[in-house]
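**Student:** Mind looking over this structure? Questions follow.
The values are calculated or read from the model by the stated rules, or taken from the named source; none is laboratory data. Small disclaimer: the values here were computed from a predicted structure and weren't measured. Cβ placement follows ideal geometry from the backbone for every residue including glycine, while neighbour counts extend to all protein chains displayed. Calculation scope for accessible area: heavy atoms of the full protein, side chains included, ligands and nucleic acids excluded. Shrake-Rupley method; radii C 1.70, N 1.55, O 1.52, S 1.80 Å.
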Amino acid sequence: MDISSPAAFVNGGLLRMHLGRRVRTVLQVTQSDIASAMGKSPDGYQLVAKGSPPVPLSSYVEVVGVAENENTIQAELWTNFGDTFDASSYDQLCQLANGEFKHLFL
């Protein structure tokens, strides 16, 4: 595991706090093509992940990459998370990882 460049856990609302840095989030995919995927973040924001999504792409996918702007991630790594996922729990994780327990995550 490479720990030299950790990726912050983010949801759509937290993405803007990490512009230009490595982040990770889970998207509920609504649309995809060979160069990107669009979807809903755990807190309901519409996000775009640029890159080459895996084929086939599951309903939920974790994306790790660099936050380009408040709604776009340049993806480096894609991981299919299947067709069911508890987005609410992941959203809570993001809140904790950027709040009082930040020191445990980065």
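**Student:** With a probe of 1.4 Å, find how much accessible area the chain has per residue, and write the answer as a whole number in Å².
**Tutor:** Ligands and nucleic acids excluded, the figure is 56 Å² per residue.
**Student:** Ok, one more. Can you tell me which of 74-82, 22-30 comes out highest on packing, and rank the rest after it, using the mean Cβ neighbours within 10 Å?
**Tutor:** Ranking, from highest mean packing down: 22-30, 74-82.
**Student:** Dimensions of the chain along principal axes (Cα, Å, largest first)?
**Tutor:** The Cα atoms of the chain stretch 37, 27, 26 Å along their principal axes.
**Student:** Let me ask another. Pop out the carbon and sulfur fraction of the accessible area of the chain as a percent, whole number, probe 1.4 Å.
**Tutor:** 53
**Student:** Follow-up question, since we're still on this one. At 20 °C and 1.002 mPa s, what whole-number value in µm²/s does Stokes-Einstein give for the translational diffusion of region 1-60, with Rh from the Kirkwood sum over Cα pairs?
**Tutor:** Result for D is 174 µm²/s.
**Student:** How big is the antiparallel share of DSSP beta bridges in the chain, given as a percent to the nearest 5?
**Tutor:** Restricted to the chain, the bridges split so that about 85 percent are antiparallel.
**Student:** Okay, which of region 32-67 sit inside 14 Å, backbone N to the point 7 Å along the Cα-Cβ direction of THR79?
**Tutor:** 60-65
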